[in-house]
Amino acid sequence: MQQHMDNLKKLQQIEDEILDLKTTRGCLQKEEEKLTTELTAIQAEVQRLQSTLDDSAKDVRELRNALAEGQEKVVKSEKRLLEIRTVKEQMAVTREKETAKQSNRELQEMIKEKESEIDRLTKEKEEREITLEELRERTEARHGEIAPQLANFDQALGEKLDHRVSLLANLPSNVRRRYQILVEQREGTAVVEARNSACMGCHMKLPPQFFNSLFLKQEIQSCPHCNRFLFIEDEREKQAPGA
Ligand SMILES: [Zn+2]
């Protein structure tokens, strides 16, 4: 029976170590995911800026074409004005010319606005690209640190899991089954110490007679409240009598 109890204590220790390893490993993995997410977000932003810049450049080309046509219109009107004989015709062509000039001024204004927008976006994109490059370097460096650590964790985890399998195999099947159910139901803690007449798992007081029977170590005992396996540390209890 003492052999089984020792196995259970060892199992619990390994269970705790496995949980610690998984938690630390999870933190590292999360850190890596966060870095990747940040990197992807900035990459997307740079791409979005580039596509806005492409659109704006296309707009400017179209505006310039329209302006060239408008300027040609003005030149044509001026030529026609030289050949015109009637006042009525002259007035109509002059009006056409003025309208074209007005629309050219508007086009020039729009081109100016677009070009200053392009300047602003280009600067913004350049800044984002610098940030992206910095983040990329940082991510690669951190990844270089994290990857071997994750590999170490996986190796340690594999060893612990193997050890757990062999310890479980040494338990009588009914104890093993109970252990596995407890681990699942009690968030990984199936074996706890009984100290100062209380269960250290659920912190409930244990009946005095039951607590005293733990010292005999004649059978595997469970907490009457939370069902966890109970062990007792003789030395500690001797040092704190009646505590
Ligand atoms: Zn308990």
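The values are calculated or read from the model by the stated rules, or taken from the named source; none is laboratory data. Given the structure is predicted, the values throughout are model-derived calculations rather than measurements. Backbone-built Cβ (ideal geometry, glycine too); neighbour counts: all protein chains shown.
What about Val165, is it β-branched (Val, Ile, Thr), part of a helix (DSSP H, G or I) and exposed (fewer than 14 other Cβ atoms within 10 Å of the Cβ)? Yes: the conditions hold for Val165. Of the residues screened, Val175 is not one that is within 16 Å of the ligand (Cβ to nearest atom) and in contact (Cβ under 8 Å) with a residue 40 or more places away in the chain. With respect to the conditions (1) of a type in the set (Gly, Ala, Ser); (2) modelled with pLDDT of 95 or more; (3) within 16 Å of the ligand (Cβ to nearest atom), Gly188 falls short on a single one, namely (2). Scanning the range 191-208 for residues that are part of a loop (DSSP other than H, G, I, E, B) and more than 11 Å from the ligand (Cβ to nearest atom) returns Asn196, Ser197, Pro207. Of all the criteria given as (1) closer than 22 Å to Asp20 by Cα; (2) in contact with a strand residue (DSSP E or B) (Cβ under 9 Å, 6 or more places away or on another chain), the one not satisfied by Gln185 is (2).
Among the residues of the range 176-221, those that are surrounded by fewer than 16 Cβ atoms within 10 Å (Cβ to Cβ) and within 16 Å of Asn7 (Cβ to Cβ) comprise Arg177, Gln180, Lys217, Glu219. Per the conditions (1) within 16 Å of the ligand (Cβ to nearest atom); (2) assigned to a loop (DSSP other than H, G, I, E, B); (3) not basic (Lys, Arg), the sole criterion not satisfied by Glu219 is (1).
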